[in-house]
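Just below is one structure, and these are the notes that go with it.
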Amino acid sequence: RGHRLAGVMSQPLVQADFAGDAADVARRLIGATLLVDGVGGVIVETEAYDQSEPAAHTHRGPTPRNAAMFGPPGHAYVYFNYGIHWCLNFVCREAGHGAGVLIRALQPTHGVDVMRTRRGMDDERLLCAGPGRVGQALGIGAAHYGLPLDAAPFTVLAAPADAAPVQVLTGPRIGISRAVDVPWRFGLACSRHLSRGFRPPRT
């Protein structure tokens, strides 16, 4: 059943929509809408991670901390970063593989006043410009670990079928020290809500 969002119908994403390679899912999520208890917005920046490369939390195999990423696709993997903020990831691939997509930035559209209160700021451009800011603005915490993305409190909606195609930028991931050149960061072109701009491609 579709959801009416901003006057158009949007289809909820289900477990099968997350079963592909993390990089493919990360790219396709640009322009989708993410809500947590009705608060959120349009996904404008993502990063993909896979157990095959050393920047992934799953690279060395399953642990109690990363167990959700080895579970079925379409679930939330959250972690407490630098002892400061929670980050939200969408689990991808088949169960047992260990891949996911980090939600790096949103364009706020729903519950903006709630996000402003949680973040303690008014600048809408910066409310969700970065994974820690996303986590704080959406109220993400340990209680969301492992929850399915196709059930409350989550709502993940594909971009409407009749929406204009989006231009997706690609570049290296941010804030990592391994596999730094892997081009698995994706962003919505011309968005003012990105956590950081994209470097021009090397020639």
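Scanning segment 104-112 turns up no residue that is without any contact (Cβ under 8 Å) to a residue 24 or more places away in the chain and touching a Lys or Arg at 6+ places or on another chain (Cβ under 9 Å).
Put simply, of Gly83, Gly98, Gly40, Gly120 the only residue that is in contact with a Phe, Trp or Tyr (Cβ under 8 Å, 6 or more places away or on another chain) and at positive phi is Gly98. Scanning segment 31-78 for residues that are outside any loop (DSSP other than H, G, I, E, B) and either in contact with a Cys (Cβ under 6 Å, 6 or more places away or on another chain) or charged (D, E, K, R) (or both) returns Glu45, Glu47, Asp50. With respect to the stated conditions, Val182 fails to be at pLDDT below 95, closer than 17 Å to Glu45 by Cα, open to solvent by 50 Å² or more (accessible area, probe 1.4 Å) and β-branched (Val, Ile, Thr).
Residue pairs whose Cβ atoms lie under 8 Å apart, sitting 6 or more positions apart in sequence or on different chains, and linking a residue in segment 171-198 that is over 14 Å from Arg104 (Cβ atoms) and without any contact (Cβ under 8 Å) to a residue 40 or more places away in the chain to a partner that is open to solvent by 20 Å² or more (accessible area, probe 1.4 Å) and of a type in the set (S, T, N, Q), are Pro183/Thr170; Ala189/Gln167; Cys190/Gln167. Ile174 meets each of the listed conditions (1) at pLDDT below 95; (2) open to solvent by 40 Å² or more (accessible area, probe 1.4 Å); (3) among the β-branched types (Val, Ile, Thr) apart from (2). Of the listed requirements (1) outside any strand (DSSP E or B); (2) touching a residue at least 60 places away in the same chain (Cβ under 8 Å), Gly96 misses just one: (2). Annotation: Gly71 fulfils all but one of (1) under 15 Å from the mean Cα position of the chain (by Cα); (2) open to solvent by 10 Å² or more (accessible area, probe 1.4 Å); the unmet one is (1).
The values are calculated or read from the model by the stated rules, or taken from the named source; none is laboratory data. Everything numeric in this text was worked out from a predicted model, so none of it was measured. Every residue, glycine among them, receives a Cβ derived from its backbone with ideal geometry; neighbour counts consider all protein chains shown. Note: areas computed on protein heavy atoms with side chains; ligands, DNA, RNA excluded. Shrake-Rupley method; radii C 1.70, N 1.55, O 1.52, S 1.80 Å.
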